[in-house]
Amino acid sequence: MPQAITHLVLRNPFGTMDVPSPDDSEVKDFAASASLSGDAADVNAAAWASIATPSDPLDGIWASRWNGGADPTIAGDTPENWKQGRADVRVAAGRIYLRFDWDHGRRHGLIDATREGARLVGKYINLTTPAITRPWVGLVVDDARIDGCFPEGRLDFRR
């Protein structure tokens, strides 16, 4: 009978693998150069999700989408294609955790970030392929829109 791992302590509220070193120098360097305007010309400005906004400004269910890389597990995928899915955002212990999926729920990712005013600064881990991590910066535009980017592309959230 397998033994449960009882000494493991997770930071994130989802019970999944934590993002490694979410505040490392790679994240800080990317955050220093990332620019998100939050204006009406941004590619995430047009409403593309229809999820009701709860009373808490960030916690809850969101829609997610990303581009900038081709997922080799999706036939014919290209970096320009948006990969859409669902997301669950939770604020815990002074951090923001954004767990999301794509490819009809077959692939999963997690962002672990800190809040710097309207900016979210952190790192992404591909929970399906944990060797893939990237720095990520988001801009909380309002309670229905988070514009986000990583070095190769976009990773946005809407309700």
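The values are calculated or read from the model by the stated rules, or taken from the named source; none is laboratory data. Here the structure is a predicted model, which means the values were calculated and not measured. For neighbour counting, all protein chains shown are included, and Cβ atoms are generated from backbone atoms with ideal geometry for every residue, glycine included. Calculation scope for accessible area: heavy atoms of the full protein, side chains included, ligands and nucleic acids excluded. Shrake-Rupley method; radii C 1.70, N 1.55, O 1.52, S 1.80 Å.
Brief remarks follow.
- Estimated FRET transfer efficiency (A46, R119; beta-carbon r; R0 30 Å; 0.05): 0.90
- Working from label points 7 Å from Cα in the Cα-to-Cβ sense, the E26 to E80 distance is 2.8 nm.
- Note that segment 1-135 presents 55 Å² accessible area per residue, ligands and nucleic acids not counted, probe 1.4 Å.
- Modelled FRET efficiency - R0 30 Å, D39 with A70, Cβ distances, 0.05 increments: 0.60
- Considering helices alone, the calculated mean residue ellipticity of the chain at 222 nm is -1500 deg cm²/dmol, with DSSP H runs of length four and up weighted by -39500 (n - 2.57) and normalised per residue.
- For segment 67-159, the carbon plus sulfur part of the accessible surface works out to 51%, probe radius 1.4 Å.
- Shape call, segment 120-159: gyration tensor on alpha carbons, a/c limit 1.5: prolate
- 3J(HN,Hα) from dihedral phi, segment 149-154, Karplus parametrisation 6.51/-1.76/1.60, rounded to Hz, x for glycine, proline: 9, 10, x, 9, x, 10
- Rounded to the nearest 20 debye, dipole of the chain from Cβ charges on Lys, Arg, Asp, Glu: 320 debye
- Projected onto their three principal axes, the Cα atoms of segment 91-159 cover extents of 31, 25, 22 Å, largest first.
- Look at the dipole of the chain built from charges on Cβ: of S21, S50, G117, the Cα furthest out on the positive end belongs to S50.
- According to the calculation over all Cα-Cα pairs in segment 32-123, the P(r) per 10 Å bin from zero is 14, 41, 38, 7, 0 %.
- Each principal axis of the chain carries a Cα extent, and these read 56, 39, 34 Å when sorted largest first.
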